[in-house]
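Chemist: Please see the structure below; I have some questions.
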Amino acid sequence: MPDLTDLYREIILDHHRNPRNRGSLETPPAAHAVGHNPLCGDEIEIFLQVDDGVVTDVKVGGSGCSISQSSASMMSQAVKGKQVADVKALVRRFKGMMSIPDEDGNPIEPDLTVSLGDLEALQGVVKFPVRIKCATLAWNTLLDALSRA
Ligand code: ZN
């Protein structure tokens with residue numbers, strides 16, 4: 001039985017208690033996407049402002065379990081100010097950490113040049129397969145918003 005303290009690391013609880021970049025942006029110009037994880041009842045709403053290939057602002061709405069909400073909060077901090085190409089590399093790196101295969105069903109090799117920072121705190125989630133969808137919801141919703149930006 002994996003240790004629950006791996007799931008609820010202090011930094012995850014901090015982001016759950018004090019979520020970063022909560023709110024909304026005017027659409028347009030911002031892109032907007034909503035994601036659901038029916039297995040857990042999580043909902044994530046992402047507002048994304050992209051200017052000249054750079055994510056200049058991101059806001060997060062929605063509600064759900066602490067894993068889904070803290071993952072969204074950490075994601076918002078990690079992508080703000082980044083080039084879209086670097087954001088996509090980060091999404092790939094994060095999904096690799098969550099043992100999500102790539103589009104062809106192959107394991108994602110970690111690109112160690114991409115830093116996960118605080119997001120590494122979510123690594124323990126991979127031991128709880130039912131919660132992986134909680135952790136990746138914000139990231140899939142981010143990709144959805146990016147495709148509309
Ligand atoms: Zn959840």
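Chemist: Could you look through segment 85-106, keep only residues that are touching a residue at least 12 places away in the same chain (Cβ under 8 Å) and outside any helix (DSSP H, G or I), and pick out the one that is nearest to Arg17 (Cα to Cα)?
Modeler: Top of the filtered list is Met98.
Chemist: Restricted to segment 56-85, and to residues that are touching a Gly at 6+ places or on another chain (Cβ under 7 Å) and more than 24 Å from Val125 (Cβ to Cβ), which residue is farthest from the ligand (Cβ to nearest atom)?
Modeler: In this case the residue turns out to be Gln83.
Only the coordinates and a few stated rules stand behind these numbers; no lab work does. Remember, predicted model here, so these are calculated numbers, not experimental data. When we count neighbours, we look across all protein chains shown, and the Cβ atoms used for this are built from the backbone with ideal geometry, even at glycine.
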